[in-house]
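Visitor: Below you will find the structure I want to go over with you.
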Ligand SMILES: [Zn+2]
């Protein structure tokens with residue numbers, strides 16, 4: 001059966017201080033012993049303690065671009081500590097990893113069996129423990145997204161897609177983003193912008209998601225500079241968190257080549273390239289490539305951002321990258337041309353390529369990588 005045209009969604013608690021609903025939420029889901037899934041950086045900043053749920057098991061072996069190894073290790077901790085639910089606090093990596101830990105609690109391994117490209121979507125059922133997601137970045141939208149991206153032991157980054165993976169409840173508390181460093185604020189914020197732009201340009205019919213994408217894009221574009229340069233401003237952080245959430249609410253339309261190009265690079269071993277930063281670099285190039293296939297859409301985006309014409313949009317985003325300290329080229333990320341070998345083939349197979357507004361050849365895809373290099 002096809003996915004529904006429009007699907008909304010999960011409970012979202014959104015306000016400064018919203019974190020204090022967590023104990024009641026756990027009670028509502030009858031979770032007595034949750035596993036907290038997070039990263040070591042947040043543990044050292046005391047975020048697990050701030051949850052206000054006493055002493056509970058914590059799994060914090062999460063890295064940027066989470067791996068199959070982390071999922072399996074997290075599952076072992078969940079079982080050893082006899083947990084009955086999951087609380088993911090962190091960026092998209094922690095939330096994606098928690099989605100897959102929860103998946104494997106009642107779905108037999110291996111994890112790859114459920115990957116989208118392996119025909120895994122119908123194998124993912126609702127038989128999973130409750131998951132409450134608490135984002136501490138404003139960007140990924142994973143808290144309301146149906147996807148989890150995991151770097152497999154093979155080295156390939158694979159997508160796990162199902163509405164059943166959407167967390168049962170979401171707590172968006174902008175005060176948790178006040179200490180987010182400049183670089184991560186910029187990178188994750190540009191990820192949110194890429195989500196709004198790509199879903200708006202997706203050819204799928206979903207005017208509700210389009211309206212959300214336009215609103216999210218405008219909020220992020222107006223506030224991202226201030227969020228980067230004056231991170232302690234709660235009002236600006238609140239706007240960015242809403243923009244990121246809206247980006248995530250539009251995922252159901254599907255993304256495009258910005259994400260297709262960035263996913264394989266995110267799987268490069270030993271590089272730990274930041275997803276949002278990669279997207280920011282690719283965005284101007286993909287907009288130039290897609291221009292002829294979505295003229296009306298780009299006209300609307302230009303109007304939303306106060307640009308005179310759609311032709312200016314690539315430069316609008318390139319200039320924004322410069323203003324918030326994002327490098328303009330892949331080579332600035334310590335990548336070599338050799339490491340781009342084989343990326344175009346993987347990008348063409350990526351699930352996000354299905355909803356890009358313009359079809360692409362392997363040659364053109366390779367050119368996009370070269371242009372961005
Ligand atoms: Zn993204």
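Visitor: Taking the highest mean first, how do the peptides 253-263, 12-22 order by number of other beta carbon atoms within 10 angstrom per residue?
Guide: Top of the packing list down: 253-263, 12-22.
Visitor: Something else now. With each label point set 7 Å from Cα along the Cα-Cβ vector, what nm distance links residue 308 and residue 178?
Guide: Between residue 308 and residue 178, the simple spin-label model gives 4.3 nm.
Visitor: Hey, rough spin-label estimate for residue 125 and residue 24, points 7 angstrom out along Cα→Cβ, what's it come to in nanometres?
Guide: Each label point is offset 7 Å from its Cα along the Cβ direction, giving 3.3 nm.
Visitor: Now a separate question. Highest mean first, what order results for 27-37, 160-170 on Cβ atoms within 10 Å?
Guide: Going by the mean number of other Cβ atoms within 10 Å, highest first, we get 160-170, 27-37.
Visitor: May I pose another question? Distance between Cα centroids, segment 1-59 to segment 326-369: provide it in whole Å.
Guide: Centre-to-centre distance over Cα atoms comes out at 35 Å.
Visitor: Which ordering of 242, 158, 190, 291 is given by a fewest-first count of other beta-carbon atoms within 10 Å?
Guide: Ascending number of Cβ neighbours within 10 Å: 291, 242, 158, 190.
Visitor: Still on this structure, please answer the following. By how many degrees, between 0 and 90 and to the nearest 10, does the Cα long axis of helix 92-106 differ from the longest principal axis of the chain?
Guide: 50
Visitor: Label 7 Å along Cα→Cβ of residue 315; segment 270-288 residues with amide nitrogen under 19 Å?
Guide: 281-288
Visitor: Here's a follow-up. Rounded, prolate or oblate: which one fits segment 180-372, using the alpha carbon gyration tensor with axes a ≥ b ≥ c (rounded when a/c is under 1.5, else prolate when a/b beats b/c, else oblate)?
Guide: Oblate shape, in that a/c is at least 1.5 and b/c is the bigger or equal ratio.
Visitor: What translational diffusion coefficient, to the nearest whole µm²/s, does segment 11-176 have by Stokes-Einstein, given a Kirkwood radius computed over alpha-carbon pairs, a temperature of 4 °C and 1.567 mPa s viscosity?
Guide: Once the numbers are plugged in, D ends up at 84 µm²/s.
Visitor: If I take every Cα pair under 8 Å that is 6 or more residues apart in segment 180-372, average their sequence separation and divide by the length, what percent do I get for the relative contact order?
Guide: Value for segment 180-372: 28 percent.
Visitor: Can I ask one more? Can you tell which of 344, 194, 73 shows the greatest fluctuation in a Gaussian network model of the chain with Cα springs below 10 Å?
Guide: 73
Visitor: I need two numbers for segment 50-94: Rg to one decimal and Dmax as a whole number, Cα atoms only, in Å.
Guide: 10.9, 30
Visitor: Using Cα pairs closer than 8 Å and at least 6 residues apart in sequence, work out the relative contact order for the chain, in percent.
Guide: Relative contact order comes out at 16 percent.
Visitor: If neighbour count is taken as other Cβ atoms inside 10 Å, put 275, 113, 195 in order from fewest to most.
Guide: So the ranking, lowest neighbour count to highest, is 113, 275, 195.
Visitor: Sticking with this structure for a sec: If you stretched the chain out fully between residue 328 and residue 222, how much longer would it get, using 0.36 nm times the residue separation minus the C-alpha to C-alpha distance?
Guide: Here the answer is 36.1 nm.
Visitor: Okay, next question. Going by a ≥ b ≥ c, the root eigenvalues of the Cα gyration tensor, does segment 1-106 fall in the rounded group (a/c under 1.5), the prolate group (a/b larger than b/c) or the oblate group?
Guide: Here segment 1-106 falls in the rounded category.
Visitor: Would you mind computing the Rg to Rh ratio of segment 51-140 from its alpha-carbon coordinates, Kirkwood style for Rh?
Guide: Rg/Rh: 0.95.
Visitor: Please rank 289, 282, fewest neighbouring Cβ atoms within 10 Å first, as an exposure proxy.
Guide: Placing the least packed residue first, the sequence is 289, 282.
Visitor: Hey, can you rank 328-336, 145-153 by average C-beta count inside 10 Å, highest first?
Guide: Descending packing order for the listed peptides: 145-153, 328-336.
Visitor: What number, in nm² with one decimal, is the all-direction average of the projected area of the convex hull of the alpha-carbon atoms of the chain?
Guide: 16.5
Coordinate-derived values only; no laboratory data. What you are looking at is a predicted structure, and each value in this text was computed from that prediction instead of being measured. Quick reminder, even Gly has a Cβ in these numbers, built from the backbone with ideal geometry, and neighbours come from all protein chains shown.
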